[in-house]
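The values are calculated or read from the model by the stated rules, or taken from the named source; none is laboratory data. This structure is a prediction, so every number in the text was calculated from the model and none was measured. Backbone-built Cβ (ideal geometry, glycine too); neighbour counts: all protein chains shown. For accessibility, only protein heavy atoms count, side chains too; no ligands or nucleic acids. Shrake-Rupley method; radii C 1.70, N 1.55, O 1.52, S 1.80 Å.
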Amino acid sequence: MLRWHPTFSRSHSQLAKGCSSGLSSTRLVSTHIHNARTFSSSFTFSSPENGSVVSEVKGRVSRPFKVAVIGSGPGGFYTAHRILKQVPQSSIDMYEALPVPHGLVRFGVAPDHPEVKNVINTFDEVAENPNFRFIGNTSVGTFVTPGSKKADLEIADLAQHYDAILLAYGAHEDRILGVPNEKSLKGVMAARSFVGFYNGLPSEQDLAIDLSQTDTAVVIGQGNVALDVARILLTPLEELKKTDLTEKMIKILEDSTVKHVHIIGRRGPLEVAFTSKELREMLQLPGTTFHMDKNLLVSEMERAGKSLDRPRKRLMGLLEKGIKESKPNQPKSWSLQFLRSPLGFSGDGNGSSGTLKAVELGINRLEGEDHNRRAVPTGAKEELKCGLAFRSIGYKSVGIQGVPFNGRKGIVPNKDGKVVDENSNVVPGLYASGWLKHGPIGVIASTMADAYQTADTIISDWAQGEPMLNESLVEPSGGAPVLDILRSKGHKTVSYQDWKKIEQREFEMGTKLGKPREKFVTVEDMLKAID
């Protein structure tokens with residue numbers, strides 16, 4: 001039937017306004033006008049659970065649906081995958097700051113977990129869709145952090161050319177401990193930076209890493225990233241040489257004297273954040289003894305009783321088995337230490353300078369009910385000698401200019417992926433996916449389900465005639481004029497075909513070294529590979 005629907009003409013320059021503290025907002029100026037559009041009286045939609053495909057998206061004119069995706073990690077690719085599959089007339093441009101795609105899959109997944117990286121095959125299938133375009137080496141949105149480098153494009157530059165913009169640029173910073181000498185001592189660093197370094201992330205290649213001056217490292221935090229760091233430090237080098245760990249990191253590991261790694265948590269064993277798979281790998285490290293407080297584990301399990309769910313019981317069972325089967329007096333060791341909070345770091349200079357020598361730990365006790373246990377300081381302290389310390393207490397996203405952002409939570413505020421302002425009002429046409437949407441939690445499989453939820457929200461909004469960035473009957477231009485502007489400035493963009501050339505060069509270099517690939521670790525070298 002024929003239906004009249006109000007449309008909105010908005011000033012895109014307003015998108016450039018925002019602030020970094022608390023909940024920043026984007027205010028869009030709306031003027032009501034009326035356009036005639038054709039609507040169908042029915043709408044059929046599928047949920048991600050049943051995996052079915054919408055045979056025909058109804059409720060909107062059949063002109064192409066133009067979407068810009070900011071970020072090329074799992075959150076962006078999975079959302080794009082679902083939109084392209086369910087909306088045949090959709091067209092997606094994916095913008096990526098680096099010349100290479102795949103985000104966390106390339107730069108976050110551990111080198112010895114190649115099976116996790118198989119999701120790249122799905123991403124390649126998405127990129128083969130004729131309605132998909134990858135625009136690499138092009139940053140969108142200047143971070144609100146003071147001193148941030150200006151982006152190649154701002155959100156306002158894209159808004160007039162698309163119906164919707166999906167924000168999926170992930171988490172670029174890590175949470176800090178906020179204790180003395182955390183940033184002044186050599187040897188204290190973010191686990192996120194270390195992971196980025198050994199995975200070839202260009203922005204982390206200047207990280208100063210020396211593993212030859214100590215035999216003991218400490219990791220603050222007890223999640224999967226913490227175990228990844230410990231495993232890289234303790235795994236036999238010959239095994240790591242078979243992975244896509246960069247040669248730069250392999251050379252550093254060749255000189256490593258690290259033999260012992262302590263993984264510190266402020267609460268107890270029932271509150272660890274790592275999963276069974278990662279724990280099992282740590283317990284299977286050859287020539288490595290495992291230490292932890294057996295009595296604490298037993299008492300906490302007895303206290304919890306039947307309240308433990310099956311995955312947590314399985315995890316605790318692995319810890320029990322690890323304690324029982326661990327061989328003593330091996331050349332290497334790792335430990336899980338609980339009820340400990342870092343109070344500060346001390347160095348070999350005046351304590352606040354030089355190279356790390358020890359971490360001071362406050363001893364805690366646990367209070368509270370099940371599933372809400374709190375670490376409470378007892379006032380007791382201890383010192384743990386070490387020459388390396390990795391902060392691994394979580395990643396966080398950073399806001400970009402012109403987009404609402406909750407600085408406290410480190411997310412773009414949203415309802416099922418639909419961006420909202422500080423008053424919980426929907427910002428038409430703006431969406432979020434991945435860690436930017438819900439915080440840095442979960443694995444790639446959970447990111448896929450979350451991305452599908454955002455995709456379903458976008459599809460539903462489009463099909464039901466909800467306000468978007470462009471409400472005209474005239475099809476928005478998409479990325480063509482944006483690319484023209486970039487070319488006029490002499491800016492070099494990278495297509496997905498260009499990326500495949502870079503990848504092929506990496507495969508070739510890897511073959512010579514007996515490994516899957518050898519990554520380019522600088523933007524300059526990546527771009528040279530396609531010249």
Student exercise, the range 106-230 dipole from Lys, Arg, Asp, Glu Cβ charges, in Debye to nearest 20: 320 debye
Among PHE507, VAL116, GLY305 the positive-end extreme of the charge dipole of the chain (Cβ point charges): GLY305
Dipole of the chain [Lys/Arg +1, Asp/Glu -1 at C-beta], most positive-end residue of SER353, PRO130, HIS371: HIS371
³J(HN,Hα) computed for each position of the range 69-79 - Karplus, 6.51 cos²θ - 1.76 cosθ + 1.60, integer Hz, glycine/proline x: 10, 9, x, 10, x, x, x, x, 5, 5, 5
Positive minus negative residues near VAL258 (Lys, Arg vs Asp, Glu; Cβ under 11 Å): -1
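Counting only other residues whose beta carbon sits under 12 Å from that of VAL67, what net charge do I get with K and R as +1, D and E as -1?
Every neighbour counted, the sum reads 0.
Can you show me the helix-derived [θ] at 222 nm for the chain, built from DSSP H runs with n ≥ 4 at -39,500 (n - 2.57) apiece and divided by the number of residues, rounded to the nearest 500.
Values: 16 runs with 154 residues, N = 531.
Calculated from helices alone, the mean residue ellipticity at 222 nm is -8500 deg cm²/dmol.
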Whole-Hz couplings from phi, Karplus 6.51/-1.76/1.60, listed for the range 225-236; x for Gly and Pro: 5, 4, 5, 4, 4, 4, 5, 4, 6, 10, 5, x
Amide hydrogen neighbours beyond the local backbone of ASP416, cut-off 5 Å, H modeled: none
About the Cα centre, charge dipole magnitude for the chain (Lys/Arg +1, Asp/Glu -1 at Cβ), debye: 680 debye
Amide proton proximity set for TYR395, modelled H, under 5 Å, gap of 5+: ARG175
Among 511-519, 129-137, 253-261, the order from most to least packed when residues are scored by Cβ within 10 Å on average: 129-137, 253-261, 511-519
Whole-Hz ³J(HN,Hα) from phi, Karplus 6.51 cos²θ - 1.76 cosθ + 1.60, for the range 387-397, glycine and proline x: x, 9, 9, 10, 7, 9, 10, x, 8, 8, 7
Cut-off under 5 Å, modelled amide H: who pairs with THR289 long-range: GLN330, LYS332, SER333, TRP334
Ranked by how many other beta carbons lie within 10 Å on average, peptides 65-78, 488-501 from highest: 65-78, 488-501
Extension reserve of the SER184-GLN160 stretch, reckoned as 0.36 nm per residue once the Cα distance is removed: 4.1 nm
Solvent-accessible area, 1.4 Å probe, carbon plus sulfur percent, for the range 161-212: 48 percent
Across LYS183/LYS242; LYS183/LYS500; LYS149/LYS492; LYS149/LYS385; LYS248/LYS357; LYS277/LYS515, pairs whose alpha-carbon gap is larger than 27 Å: LYS183/LYS242; LYS183/LYS500; LYS149/LYS385
Packing-based order for 208-214, 431-437, using average beta carbon neighbours within 10 Å, highest first: 431-437, 208-214
Proximal charge balance of GLN337 [Cβ under 12 Å; K/R count +1, D/E count -1]: +1
The range 68-137 - charge dipole about Cα centre, Lys and Arg +1 at Cβ, Asp and Glu -1, debye rounded to 20: 160 debye
Candidate values (i) 155; (ii) 165; (iii) 193, label of the one derived for volume of the Cα convex hull per residue in Å³: (ii)
Antiparallel %, DSSP beta bridges [both residues in the chain], to 5: 45 percent
Difference of contour (0.36 nm per residue) and Cα-Cα distance, ASN121 to ASP525: 143.0 nm
Furthest towards positive pole of dipole, VAL140, ALA529, THR216, structure part the chain, Cβ charges: THR216
Degrees, to the nearest 10: 294-304 long Cα axis against longest axis of the chain: 50 degrees
